[in-house]
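Below is one structure, written out as structure tokens; the observations come after it.
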Amino acid sequence: MRTHRTTYRHCAIEIIEPTNPYAPCAFTINGHGESRDQRYTDHMQRSAAELLEFLKMNIDLRADGEIMGLTNMAHWYAPGTWEVCPASAGAAYNEHIKPVDGPCNESPCKKAAAKKARSERRRAEGHPSVAAISARLAKKFPRRGRRPNAGFAVMANDSCDYRKGVRVVWYREGGNMPLSTHPGQLPQIFEELRGVDRWSVDYDGGAVVNVISRTAGIR
Ligand SMILES: [Zn+2]
């Protein structure tokens, strides 16, 4: 039994040749095998030199790509380059890693980070919230009619674009969608909202009143 130890791209490789020439090699990467205390067993009949080339190729694939993946495969990356992603820490089946010096590359974390950045920008620009506008209008423009949707409705203006603030639309009694020909009380709503200093309010007489931050520099 002969043991070969080498380091490749900061990864420690250990290959143990079998005593029996027909048995496979065993190996560890950064001290890890199948599990923490167990070596990997090669599943092919190949020499220690052939196995070393195969392991280098696997290390290259990871080192040249983004740091990501499940924690139980993290030992294929150079020690010190990765850490457990805090968003997944302790998860039973999908705990994953991220680069030590950067954001997580896993798509759920990327999406969450983008969403957080959008809402932070929206807040930083001082855009009104749907809740703030709704509360303000509810006092002066109570819902009327038998249909629950008769009256105004407030919604975020295109969640993909934080720069657009919120929109207020009007549903007439019995109507399923806002119509430019039935603006309802939108003219009065426009007057109400444009009295607020920090908002820029845009209305052309149709079905939508747009409200954005005055300081957003859009208009
Ligand atoms: Zn993550």
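Throughout, read-outs are computed from the coordinates displayed, never taken from laboratory work. In this text, all values refer to a predicted model and were calculated from it rather than measured experimentally. Positions of Cβ are backbone-derived with ideal geometry, glycine not excepted, and every protein chain shown enters the neighbour counts.
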Legend entry - For the chain, built as a Gaussian network whose Cα springs stay under 10 Å, the top-fluctuating residue of Gly69, Gly174, Gly184: Gly174
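For the chain, what ratio Rg/Rh do Cα atoms give with a Kirkwood hydrodynamic radius? Intermediate values should be presented prior to the final figure.
Working: Rg = 30.2 Å, Rh = 22.6 Å.
Value, to two decimals: 1.34.
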Inset, instruction - For Tyr8, enumerate residues with amide H under 5 Å from its amide H, sequence gap 5+ or separate chain, H modeled in the peptide plane. - result: Ile13
Inset, instruction - Amide H neighbours of Ser200 under 5 Å, at least 5 residues apart or on other chains, H built in the peptide plane: list them. - result: Ile212, Ser213, Arg214
Inset, instruction - Give the long-range amide H neighbours of Glu83: residues separated by 5 or more places, or on another chain, with amide H under 5 Å away, using H modelled in the peptide plane at 1.01 Å from N. - result: Lys98, Val100
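Starting with the fewest neighbours, write out His32, His127, His43 ranked by other beta-carbon atoms found within 10 Å of each beta-carbon.
On the way: His32 18, His127 26, His43 7.
Lowest count first: His43, His32, His127.
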Legend entry - Loop-located chymotrypsin sites (Phe, Trp or Tyr not before Pro) in region 50-98 whose Cβ has at most 12 other Cβ within 10 Å (DSSP): Tyr93
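Can you sort Met155, Met1 so the residue with the fewest Cβ neighbours within 10 Å comes first? Before the final figure, lay out each step's value.
Working: Met155 14, Met1 8.
Placing the least packed residue first, the sequence is Met1, Met155.
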